[in-house]
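Visitor: This is the structure I have questions about; it appears just below.
The values are calculated or read from the model by the stated rules, or taken from the named source; none is laboratory data. This one's a predicted model, so the numbers in the text were calculated from it and none came from an experiment. Here the Cβ is made from the backbone with ideal geometry for all residues, glycine too, and neighbour counts use every protein chain on show.
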Amino acid sequence: MTVATAPPTTTLLVLAKEPLPGRVKTRLTPPYTPTEAAALAEASLRDTLAVVCAAPAARRVLVLDGAPGPWLPDGIEVVPQSGGGLDERLAAAFAGCTGPALLIGMDTPQLTPELLAPALAPDAWRTTDAWFGPAEDGGFWALGLAVPDPALLRGVPMSTPTTGADQYARLTGAGLRVRELPRLRDVDTAADATQVAALCPHTRFATTVSRLSRAGVR
């Protein structure tokens with residue numbers, strides 16, 4: 001007998017920039033050139049979107065600063081990022097959702113469907129109001145909200161060593177029941193790229209890091 005399962009209810013959002021030289025991963029330069037940094041960004045974005053396509057979601061939405069390119073797979077909606085600071089852009093991404101939403105970035109190519117699974121499970125929101133994925137640099141790589149209230153993000157200081165703690169405090173201060181996803185390392189620097197590539201050797205990102213290393217980039 002086949003047991004019926006409920007369809008996914010969560011929107012999976014990816015906040016990303018178009019991988020153009022000079023616009024993405026500028027902290028990788030040097031040692032990478034802007035073109036090489038953009039290649040790493042594209043590989044990371046491709047890996048991230050492949051995971052999104054493999055994960056159960058009601059909608060899969062790329063919130064994009066720029067224009068789609070050949071790296072965009074089928075099955076992904078594209079909406080433009082809003083203006084303003086990062087907190088405003090994150091808030092606007094959630095504002096476009098009408099039900100539970102989980103937002104991730106493009107900086108964690110080691111991501112797998114298994115890492116996202118707790119926040120996308122059929123019972124993910126039964127006793128949880130928010131999912132939080134801390135990053136090793138003090139930020140966060142994932143944020144899920146049962147009710148996507150933009151006010152939970154506006155005004156949170158971004159790109160600081162305490163951004164993750166500040167965002168977490170905003171959630172708990174609002175009385176939300178928060179559960180955590182595993183801590184991951186964002187790719188911001190060349191050292192990050194090397195260490196993250198070692199964690200996911202079969203990804204496009206790791207292949208690109210290896211190719212650039214053979215070409216003399218460290």
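Visitor: Please find, among Arg214, Arg183, Arg170, Arg177, the residue that is charged (D, E, K, R), under 25 Å from Ala151 (Cα atoms) and over 21 Å from the mean Cα position of the chain (by Cα).
Guide: Sole residue among the options that is charged (D, E, K, R), under 25 Å from Ala151 (Cα atoms) and over 21 Å from the mean Cα position of the chain (by Cα): Arg177.
Visitor: Also, quick follow-up: Please tell me if Asp129 is out of contact with any Phe, Trp or Tyr (no Cβ under 7 Å at 6 or more places or on another chain), surrounded by 15 or more Cβ atoms within 10 Å (Cβ to Cβ) and either within 18 Å of Val63 (Cα to Cα) or not small (Gly, Ala, Ser) (or both).
Guide: yes
Visitor: Go through the residues of region 207-214 one by one and say whether even a single one is in a loop (DSSP other than H, G, I, E, B) and either among the hydroxyl-bearing types (Ser, Thr, Tyr) or within 28 Å of Ala38 (Cα to Cα) (or both).
Guide: Checked region 207-214: no residue is in a loop (DSSP other than H, G, I, E, B) and either among the hydroxyl-bearing types (Ser, Thr, Tyr) or within 28 Å of Ala38 (Cα to Cα) (or both).
Visitor: Now for a separate question. How many residues are closer than 25 Å to Val209 by Cα and not β-branched (Val, Ile, Thr) when one looks only at region 45-93?
Guide: Looking only at that region, the number is 18.
Visitor: For region 1-118, which fully contained strands (runs of 3 or more DSSP E) count at least 1 residues that are in contact with a Lys or Arg (Cβ under 7 Å, 6 or more places away or on another chain) and more than 29 Å from Ala191 (Cβ to Cβ)?
Guide: Of the strands (runs of 3 or more DSSP E) lying wholly inside region 1-118, those with at least 1 residues that are in contact with a Lys or Arg (Cβ under 7 Å, 6 or more places away or on another chain) and more than 29 Å from Ala191 (Cβ to Cβ) span 11-17, 77-80.
Visitor: Still on this structure, please answer the following. So Asp107 fits all but one of (1) in contact (Cβ under 8 Å) with a residue 60 or more places away in the chain; (2) surrounded by fewer than 19 Cβ atoms within 10 Å (Cβ to Cβ); what number is the exception?
Guide: If we test Asp107 against (1) in contact (Cβ under 8 Å) with a residue 60 or more places away in the chain; (2) surrounded by fewer than 19 Cβ atoms within 10 Å (Cβ to Cβ), just (2) comes out false.
Visitor: Could you give every pair whose Cβ atoms fall below 6 Å, whose first residue belongs to region 21-50 and is free of Cβ contacts under 8 Å to residues at least 60 places away in the same chain and more than 16 Å from Ala206 (Cβ to Cβ), and whose second residue is crowded, with 22+ Cβ neighbours inside 10 Å and small (Gly, Ala, Ser), counting only separations of at least 6 or pairs across chains?
Guide: Sorted first by the residue in region 21-50, then by its partner, the pairs are Pro21/Ala38; Val24/Ala38; Val24/Ala41; Thr29/Ala37.
Visitor: Tell me yes or no: at least one residue of region 153-161 is among the hydroxyl-bearing types (Ser, Thr, Tyr) and either at negative phi or touching an Asp or Glu at 6+ places or on another chain (Cβ under 9 Å) (or both).
Guide: Yes, region 153-161 has at least one match.
Visitor: For Arg154, are the conditions met, namely being of a type in the set (D, E, K, R), modelled with pLDDT under 95 and out of contact with any strand residue (DSSP E or B) (no Cβ under 8 Å at 6 or more places or on another chain)?
Guide: So Arg154 does not fit the description; no.
Visitor: Still on this model: Could you list all residues from region 167-212 that are of a type in the set (Ser, Thr, Tyr) and either free of Cβ contacts under 8 Å to residues at least 60 places away in the same chain or surrounded by 20 or more Cβ atoms within 10 Å (Cβ to Cβ) (or both)?
Guide: Once the filter is applied, which keeps residues that are of a type in the set (Ser, Thr, Tyr) and either free of Cβ contacts under 8 Å to residues at least 60 places away in the same chain or surrounded by 20 or more Cβ atoms within 10 Å (Cβ to Cβ) (or both), region 167-212 yields Tyr168, Thr172, Thr194, Thr203, Thr208, Ser210.
Visitor: Ala6 versus (1) small (Gly, Ala, Ser); (2) surrounded by fewer than 19 Cβ atoms within 10 Å (Cβ to Cβ); (3) modelled with pLDDT of 95 or more: which is the lone unmet condition?
Guide: Condition (3) is where Ala6 drops out.
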